[in-house]
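Novice: Starting off with a structure, shown below.
The values are calculated or read from the model by the stated rules, or taken from the named source; none is laboratory data. The shown structure was predicted, so the numbers you read here are calculated from the model rather than taken from an experiment. Neighbour counts are summed over all protein chains in view; Cβ atoms, including those assigned to glycine, are modelled from backbone coordinates with ideal geometry. The protein model used for the area step is the full one, side chains on, heavy atoms only, and it has no ligands, DNA or RNA in it. Shrake-Rupley method; radii C 1.70, N 1.55, O 1.52, S 1.80 Å.
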Amino acid sequence: MVIKVFLASSSGSTAIKKKQQDVVGFLEALKVEYAQLDIACSEENRMWMRQNVPQEKKPSNGIPLPPQIFNEEGYCGDYETFFDAKEDNAVFAFLGLPPPPGSKEADQGGIVQNGTHAEETKAENVPVDDSIEVPVEERNGNSHSDEEQAADEEELAEEDEAMEEDEDMAEVEEAEQQEEEAVEETDEAPVEEEEEEEEQEEEDLQSEEEEELLQLEEEEEAEVQEEEEAE
């Protein structure tokens, strides 16, 4: 099984770069074999990632941000779910891999499937005590994190537009180059025809000269023969 990490090598977002480095660095620390797939340099990678992230895991604009993690074709999760699994010592379960013997994860037997933790499932069944005052930030969610997510999504959308513009520009340049080559070939054609005509004229002239010389020789031979007969 191959773990696939979809990254954006040319992302201008500091937050995205840090998240990517965190994921890659932790996988290397755990000696987990993985493959990096760059969505910034490969349209195929970018489209594959977008199509295979489950709809319910995508943000509101439908464009998932890197890093996104897969086990072969199976979706594991994004940075947030990876981070939660790391905090719970359940990264191998998150990745769909057996934990190494003797590791904390093997000892505690934590299970994480599709980014959902056992602790979260238990928490869902615990009644909420309304008498406990919950801070506004927790009730409304982390607004700062939401703002960062929105900014990252906007930046990724701009990068997508820039990539599409680069592709369009490349197509225009290629079309212009083909047009220039066609014009050059058109310009070269008359020149080649003129050269061929000149060569043909020279050959014809040379043939005429050779025929005249041959005719003169024949006339001279005829005159010599007449003189010999007259004598």
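Yes or no, residue by residue, for (1) out of contact with any helix residue (DSSP H, G or I) (no Cβ under 7 Å at 6 or more places or on another chain); (2) assigned to a helix (DSSP H, G or I); (3) modelled with pLDDT under 75; (4) basic (Lys, Arg):
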residue	(1), (2), (3), (4)
Asp152	no, yes, yes, no
Asp166	yes, yes, yes, no
Glu174	yes, yes, no, no
Glu198	yes, yes, no, no
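Novice: Restricting to the stretch 53-81, give me the number of residues that are in a helix (DSSP H, G or I) and over 22 Å from Phe26 (Cβ atoms).
Specialist: Looking only at that region, the number is 2.
Novice: Just one of (1) farther than 15 Å from Ile3 by Cα; (2) under 20 Å from the mean Cα position of the chain (by Cα) trips up Pro67, so point out which.
Specialist: All conditions pass for Pro67, except number (1).
Novice: Which members of the stretch 1-40 meet the condition of being open to solvent by less than 80 Å² (accessible area, probe 1.4 Å) and among the charged types (D, E, K, R)?
Specialist: Result: Lys4, Lys19, Asp22, Asp38.
Novice: Let me ask you something else. Step by step: first the residues of the stretch 94-123, then only those that are crowded, with 19+ Cβ neighbours inside 10 Å and in a loop (DSSP other than H, G, I, E, B), then the one that is modelled with the highest pLDDT. Which residue is that?
Specialist: Among residues in the stretch 94-123 that are crowded, with 19+ Cβ neighbours inside 10 Å and in a loop (DSSP other than H, G, I, E, B), the one modelled with the highest pLDDT is Pro99.
Novice: Can you go through Asn45, Asn71, Asn61, Asn52 and tell me which one is touching a helix residue (DSSP H, G or I) at 6+ places or on another chain (Cβ under 7 Å) and either more than 12 Å from Leu95 (Cα to Cα) or at pLDDT below 95 (or both)?
Specialist: Unique residue meeting the criteria: Asn61.
Novice: A further question on this structure: Can you find, within the stretch 54-84, the residue that is surrounded by the fewest Cβ atoms within 10 Å (Cβ to Cβ) among those that are within 19 Å of Gln36 (Cβ to Cβ) and free of Cβ contacts under 8 Å to residues at least 24 places away in the same chain?
Specialist: Looking at residues that are within 19 Å of Gln36 (Cβ to Cβ) and free of Cβ contacts under 8 Å to residues at least 24 places away in the same chain, I get Glu73.
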